[in-house]
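See structure below.
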Amino acid sequence: MTRDFGDPVARKDLPVGRKIFSEQLKATPTKPGVYIMRDRDGTALYVGKASNLRNRLRSYFANPARLEPKIRILVSKIADFDFIIAGSDQEAVLLESNLIKRHQPVFNARLKDDKSYSFIKIDITEDFPQVYVTRNVGNDGARYFGPFASASSVRKTLALLKKLFPYRSCTKQITGTDSRPCLDYHINRCVGPCIGAASKERYGEIIDEVTLFMRGQTKSVVKSITSRMEKASNDLEFENAAVLRDQIKAIHSVQAGQKVLLNSRQSFDAIALAKGDTETWIEIFFVRNGKVIGKDGFMMAGTNDTDSSEIVTAFVKQFYDANPYVPGLILLQHHLEDAPGIECWLTDKRGGKVKVLVPQRGEKRNLISMVAENAANGLKQRAVKDKVTSGLTGALEELQEALSLPRVPTRIECYDISNLQGTNAVGSMVVFVNGKRQSSDYRRFKIRTVDGIDDYSMMREILSRRFQRMSKSSNHEAMGSNPSGLEAANSDKGVPWQIIPDLVLIDGGKGHLGAALQVLLELGIDFVPLASLAKDNEELFVPHIPEPVLLPRKSNALYLVQQLRDEAHRFAITYHRQRRSKTSVRSAIDQIPGIGLKRRRMLLKTFGSVEGVRQAAIDDIVAIPGMTLMLARTIKEQL
């Protein structure tokens, strides 16, 4: 009997009792497939794969004394089971992974937060492919590399690729007719297809090299670049040959940092685990041509009372189901359940033979031991991070109690002012969510209505611009759009103004707090908690309470508000310095007769800074379009 696997609904009439299960089992086929165990509410408890559905399901309802503790608990909660017949064991493996992702059964070992994993994508169907991050893997002819367990992993990889290979990082349509290239071209980080400096074929060679490098075939990459370098040298294109030479050196430098693990040049993945009380850390090393080119770690949930073989089996299924690339060899710390069936499935996915091996001796066994040691360290690091997160939760609760806040301050906004004797005045807004920085919501303000040194008026201005669109309503929801004049620290993401902060923290004393309170009262907002932090004695002030709040010197709550204050100060002073720098640049170059806006931009774009213009040779300045020899001499004299 096959059933609908839609969203579970409450069903109180499900069959209960071994007798009914016995009758169901008699009608269950002996074919391969996937089964799903449900509780009385229809919620999925466990999803499993079977080569013989009837025999596998019957094993659950045998003598309970013969079952493992975890299985006994599972069976005690089963009110019904469903199944889907598959055409083969390979189809069953794929279906099992999909159903586990969909239902997230509590008794299955499963990858945590698999939707957050990133891939590097190269869409070779484009004439000039980009190299970018995606979270969606499709059967669209593109090349995918991953998955990466963390954002930092993929960022580091992209930074390395961009350093080694001059592919484009822009998203513009490439016509080859642009009048000028971007800075990447001038620093040899792009071959300039936008201006026609590189043909489709030449650019394609670079993308092929990126692909080979990601697959660990660095020898082929170096061979290709060396061939082009020699050709450029023979054609007397020495500048181009030098760029290629530096590229080869950079690749060799990366190779030198990769640990050689095997005498052979085999390519494989090596997987080991470390079990915790309720979760398990999986470490995977990516070995290509005998060298580790990368590694990553993943957390498996629902692994309490689960043996290591079942955990690693679940990981292999779910990881390689998501990963478009499967190596020809996979080394494991523990044996797989149904290893032949999984090998057949991986072979079909790869399009070539895949062997799964648990090494017992030799250098491969030593390698697995090293991966297992890394897994143990990964689990420890995860425990430390969890402890820190727990500490943040405690800090927020402590802050709520100390300031008598109506709720735990999940979202805190902190504001600061920065100026130099009243000039180039700016303000900053930083946001912490659950005690952690949320930099995408940071915003900065250029003070426009205040002259001279008046921090209180400046604070009133930035808070007015932040909260002027927020009005009190029955459900306390903010309404409106981005206030005019607000500059985005991350322009492609708008601040969710509809979200009311649980606490607004001001860097300053009672005076700053009074200025902030005046703004909110004038706007009719009396439901946003306010506080200010005075630096001298780390005193917290809140409205309507004359005495300061003093947090214990070693408390997590004090450490959190200090972090907020320091981050707001850093963000404000960084913007202030940027404005001062721009002002000084304009004053230095704009005083030169004959230099207008267009020529100033050309000079700064070509030489990077005023100092770069000052150090440039007259001939280099003359080479800029629209620049004369007399004007170049004037620039050198003035600077």
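Bear in mind these aren't lab numbers, they're just calculated from the coordinates by the rules spelled out. Since this is a predicted model, take the numbers as computed values, not measurements. Neighbour counts run over all protein chains shown; Cβ positions are idealised from the backbone, glycine included.
Annotations for the structure displayed:
- Only helical runs count toward this figure. For the chain, summing -39,500 (n - 2.57) over DSSP H runs of n ≥ 4 and dividing by all residues gives -14000 deg cm²/dmol at 222 nm.
- Listed from fewest to most Cβ neighbours within 10 Å, the set 118, 609 follows the order 609, 118.
- Shown here are the Rg and Dmax of the Cα trace of segment 116-257, at 15.3, 49 Å.
- Given [x] 222; [y] 176; [z] 234, the label whose value is volume of the Cα convex hull per residue in Å³ derived from this model: [x]
- Local charge for residue 205 was computed over the other residues whose Cβ lies under 13 Å away, with Lys and Arg +1 and Asp and Glu -1, and equals +2.
- Kirkwood-Stokes translational diffusion coefficient of segment 183-237, alpha-carbon pairs, 10 °C, 1.306 mPa s, µm²/s: 129 µm²/s
- 605, 172 arranged by Cβ crowding within 10 Å, fewest neighbours leading: 172, 605
- For the set 275/385; 162/349; 317/353, the pairs lying more than 20 angstrom apart at their alpha carbons are 162/349.
- Among 629-635, 360-366, the order from most to least packed when residues are scored by Cβ within 10 Å on average: 629-635, 360-366
- Surrounding net charge for residue 156, when Lys and Arg each add one and Asp and Glu each subtract one, Cβ distance under 14 Å: +3
- Value in Å of the Kirkwood radius, where segment 18-108 supplies the Cα pairs that are averaged: 13.3 Å
- Relative contact order %, segment 591-638, counting alpha carbon pairs below 8 Å whose residues are six or more apart: 37 percent
- For residue 358, the residues 5 or more places off, or on other chains, whose built amide H falls under 5 Å of its own are 332.
- Highest mean first, the peptides 59-71, 310-322 sorted by other C-beta atoms within 10 Å per residue fall in the order 310-322, 59-71.
- Per residue, the average separation of C-alpha pairs within less than 8 Å and at least 6 apart gives the chain a relative contact order of 8 percent.
- The average projected area of segment 591-638, computed from the convex hull of its Cα atoms over all directions, is 2.8 nm².
- Cβ-defined net charge surrounding residue 344, 12 Å radius [Lys, Arg +1; Asp, Glu -1]: -1
- Relative to the longest principal axis of the Cα atoms of the chain, the long axis of helix 308-322 lies at roughly 60 degrees.
- Per-residue packing, averaged as other Cβ atoms within 10 Å, sorts the ranges 296-303, 519-526, 267-274, 323-330 into the order 267-274, 296-303, 323-330, 519-526, beginning with the highest.
- Extent along principal axes [Cα atoms of segment 137-205; Å; largest to smallest]: 41, 28, 20
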